[in-house]
Each structure stands twice: as C-alpha cells, then as structure tokens.
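Read the figures in this text as sums done on the coordinates, not as results from a lab. Just so it is clear, the model here is predicted, and its values are computed rather than measured. Cβ placement follows ideal geometry from the backbone for every residue including glycine, while neighbour counts extend to all protein chains displayed.
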Amino acid sequence: MSKLAKEILLKNGNPPIVEFFRRPKTLFELLNVQKLRAYKYKVQPVHWYEKGFEGCYYEVHRTKYTIFNNEPKHGHAWALLFWRGRPAFHPPKEMKGGTKFAWQQYRSPAADGIKYDQSTAKTIEKRRNFLLKGYYTGLNPKAPPPKDGTLQ
C-alpha cells in the first residue's frame, strides 16, 4: 500500500466497504450481494447461531427488494424453514424479521464449538410460550408466567 493511501486511511478512518463488512447486516443487505437473487442461499439469524441451534436455517427461494437511498435495505423474502435439519413447511413462506435481526450465512454451531444447552433452551421456550399466550389471549405481559410454562 502506498504512503498516500495509508495517510488517507489513517486520516478518514476505514473506507465504507470495510465498515459495511464489519457491522451486522439485515437480511436484505446480506442477500443483495449474492448471485442469482440468492436462490437456495442458506441464512440464519445470528442469535440462533449463538444459542447453538444445530440444523436451523432458512433456505431462500425468492426475494423482492425495496430501494431506499439507492440501497436495498428493505423488501420481502420467501424461504423454507429448516428446523433441526428437516423442512418445517413446504411451500416457501414469507420470512419475518428481515430488518429486525442481524443475519449471517448458515454455519453449524457445533463445528465452531458452540453447544446446545438444554436448561437454557427450556427457559427460552417457557418465556416464548408465555409471551405468545399473553399475545393471543390479551393477558398482561408483566404478570408472572404460568407454572407449567406451556400454552393452554
């Protein structure tokens, strides 16, 4: 690298392309840089990877971008959900949370040394069921969770 280039980098910080690759990406930012509109591309939310969910990912089948400031940061994506290696449903459904979560290309957590913890998973599942029960029945979400932790 030339002296001039080093001076420019030190003066202005990292170029925009480096900043783009360092920060977490929305689903549409991740899919936009793939070939063939990301057909059959496997993605997963980062929090699934961190929790150690093995074989849980989306296989993208169709994308439709909404251009905002000349960048496709929003849109719609349709995909098959694979949960523990098996398809959860069969025609592809629209993916939710494309702009809410940080997304990444699918990687196996077990291959990277992240293990699935049964007790943590039960706690997460109880909380999820409690929130869903409150959402569907209109209960107060600040009330204590049900004792059995399941939907009724």
Spelling out what I want: for every residue of the range 56-72, take phi, set θ = phi - 60°, compute 6.51 cos²θ - 1.76 cosθ + 1.60 (Karplus), and round to whole Hz; glycine and proline get x. 10, 6, 10, 10, 6, 10, 7, 9, 9, 9, 10, 7, 9, 6, 6, 9, x
Gain in span if fully extended, GLU71 to ARG23, counting 0.36 nm per residue against the direct Cα distance: 15.7 nm
Could you list which residues have their amide H under 5 Å from that of GLN104, counting only those 5 or more apart in sequence or on another chain, with H placed in the peptide plane? GLN44, VAL46
Over 26 Å (Cα to Cα) among LYS40/LYS73; LYS42/LYS73; LYS100/LYS126; LYS40/LYS100; LYS64/LYS126; LYS42/LYS64 -> LYS64/LYS126
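Would you please name the trypsin sites (Lys or Arg not before Pro) within the range 52-85 that are DSSP coil residues with at most 15 other C-beta atoms within 10 Å of their C-beta?
Here the sparse-neighbourhood loop sites are ARG84.
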Let me check I've understood the local charge: for THR26, count other residues with C-beta under 11 angstrom from its C-beta, Lys and Arg +1, Asp and Glu -1. What total comes out? +2
Using θ = phi - 60° and Karplus 6.51 cos²θ - 1.76 cosθ + 1.60, couplings along the range 77-88 (whole Hz; Gly, Pro as x): 9, 10, 7, 8, 8, 10, 10, 6, x, 10, x, 7
Is the range 24-64 best put as rounded, prolate or oblate by its Cα gyration tensor, with a ≥ b ≥ c the root eigenvalues, rounded for a/c under 1.5, and otherwise prolate when a/b is larger than b/c, oblate when not? oblate
What's the local net charge at ARG37, with K and R +1, D and E -1, over the other residues with C-beta under 11 Å away? +4
